[in-house]
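*Asks:* Quick one: this structure, given as structure tokens, is what I'll be asking you about.
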Amino acid sequence: MRMSQALTTGIIAIDLQSEFMGEGALFPVPGSERIVREANIFIRKAREHGATVIFTAFAVPDSQPLGLSTTRLGVTSAHRYPHAALVVNLDRTESDIVVEKPRQSAFVGTALELILRRKGIEHLVILGVTTHACCLATAFDAGALDFRVTVLSDLTASPSVPAKDRLPAMTADEAHLAALQFIGLNGRVALSDDVLRELAKNVEEG
């Protein structure tokens, strides 16, 4: 009997952590409270359908240097604890996996690919922040590794992007939509409700 698609699906919740959301966030993402609230609902239902849930945190140990993309920001406390801590109100269980990543992509410097291969996961559903950086980098690397990729347009978000190197500034919405456009060239962009319906249908058919 073929394995249910839900059982070969991994939910990758990208960087739902203090430095991007909540009071005192270093890089506040507009609408982050809604993202967490609705992500919790999605994660709980996807888990009930048999999907594996993985949370990532952009966390660089104090003993290791920050990446070039971070040092350009000029914020030395970025991606260090306590700012790197996941927000406390996430729907997490003991069966979920947490991956600390030292760079934007969840595949760089981590065991994520090995974890996914060992679990037989073929399809990745990405949510979280930020769409234009960590979600985009993870989606591109996942596609290069031959995982099927779906990014949830309603459960991802970006901050605004300042003007730099003769490029114009972008609002938060503009950065979010531009990233989704690029993701759509290599993967799939979908709404969370549509993905949940697909997972439920596959469980019933499996």
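The values are calculated or read from the model by the stated rules, or taken from the named source; none is laboratory data. Fair warning: this is a prediction, and the values are worked out from it, not measured in the lab. With ideal geometry, Cβ positions are generated from the backbone for all residues, glycine too; neighbour counts draw on all protein chains shown.
*Asks:* Name the helices (runs of 4 or more DSSP H) wholly inside region 56-170 in which the number of residues that are out of contact with any helix residue (DSSP H, G or I) (no Cβ under 8 Å at 6 or more places or on another chain) and of a type in the set (Gly, Ala, Ser) is 3 or more.
*Replies:* On the way: elements: 68-71, 112-118, 136-144.
The qualifying helices (runs of 4 or more DSSP H) are 136-144.
*Asks:* Still on this structure: How many residues are crowded, with 20+ Cβ neighbours inside 10 Å and among the acidic types (Asp, Glu) when one looks only at region 5-56?
*Replies:* Count: 2.
*Asks:* Inspect region 61-83 for any residue being among the aliphatic types (A, V, I, L, M), modelled with pLDDT under 95 and buried (at least 18 other Cβ atoms within 10 Å of the Cβ) and give the result as yes or no.
*Replies:* Taking region 61-83 first, the residues among the aliphatic types (A, V, I, L, M) are 66, 68, 73, 75, 78.
Next cut, modelled with pLDDT under 95 only: 66, 68, 73, 75, 78.
With the extra rule that they be buried (at least 18 other Cβ atoms within 10 Å of the Cβ), the set shrinks to 66, 78.
Checked region 61-83: at least one residue is among the aliphatic types (A, V, I, L, M), modelled with pLDDT under 95 and buried (at least 18 other Cβ atoms within 10 Å of the Cβ).
*Asks:* Follow-up. Being out of contact with any helix residue (DSSP H, G or I) (no Cβ under 6 Å at 6 or more places or on another chain) and among the aliphatic types (A, V, I, L, M) is the filter here; which residues of region 17-45 pass it?
*Replies:* Ala25, Leu26, Val29, Ile35, Val36, Ala39, Ile41, Ile43
*Asks:* I'd like to verify a number: residues in region 126-156 that are more than 13 Å from Gly184 (Cβ to Cβ) and aromatic (Phe, Trp, Tyr), how many? Even if it seems obvious, please write down each step before you answer.
*Replies:* We begin by selecting, within region 126-156, every residue more than 13 Å from Gly184 (Cβ to Cβ); these are 127-130, 132-134, 137-138, 141-142, 144-148, 154-155.
Adding the requirement that they be aromatic (Phe, Trp, Tyr) leaves 147.
Qualifying residue count for the region: 1.
*Asks:* Please specify each residue of region 29-44 satisfying the condition of being farther than 25 Å from Leu114 by Cα, at pLDDT 95 or above and out of contact with any strand residue (DSSP E or B) (no Cβ under 8 Å at 6 or more places or on another chain).
*Replies:* Within region 29-44, Arg34, Val36, Arg37, Asn40, Ile41 meet the criteria.
*Asks:* Here's a follow-up. Could you list all residues from region 22-49 that are in a helix (DSSP H, G or I), touching a residue at least 40 places away in the same chain (Cβ under 8 Å), closer than 15 Å to Val88 by Cβ and not hydrophobic (A, V, I, L, M, F, W, C)?
*Replies:* Ser32, Asn40
*Asks:* Modelled with pLDDT under 95, within 21 Å of Phe42 (Cβ to Cβ) and among the hydrophobic types (A, V, I, L, M, F, W, C) - does that describe any residue in region 136-143? So that I can check it myself, show each step before the final result.
*Replies:* Keep residues of region 136-143 that are modelled with pLDDT under 95, which gives none.
Among the residues of region 136-143, not one is modelled with pLDDT under 95, within 21 Å of Phe42 (Cβ to Cβ) and among the hydrophobic types (A, V, I, L, M, F, W, C), which makes the answer no.
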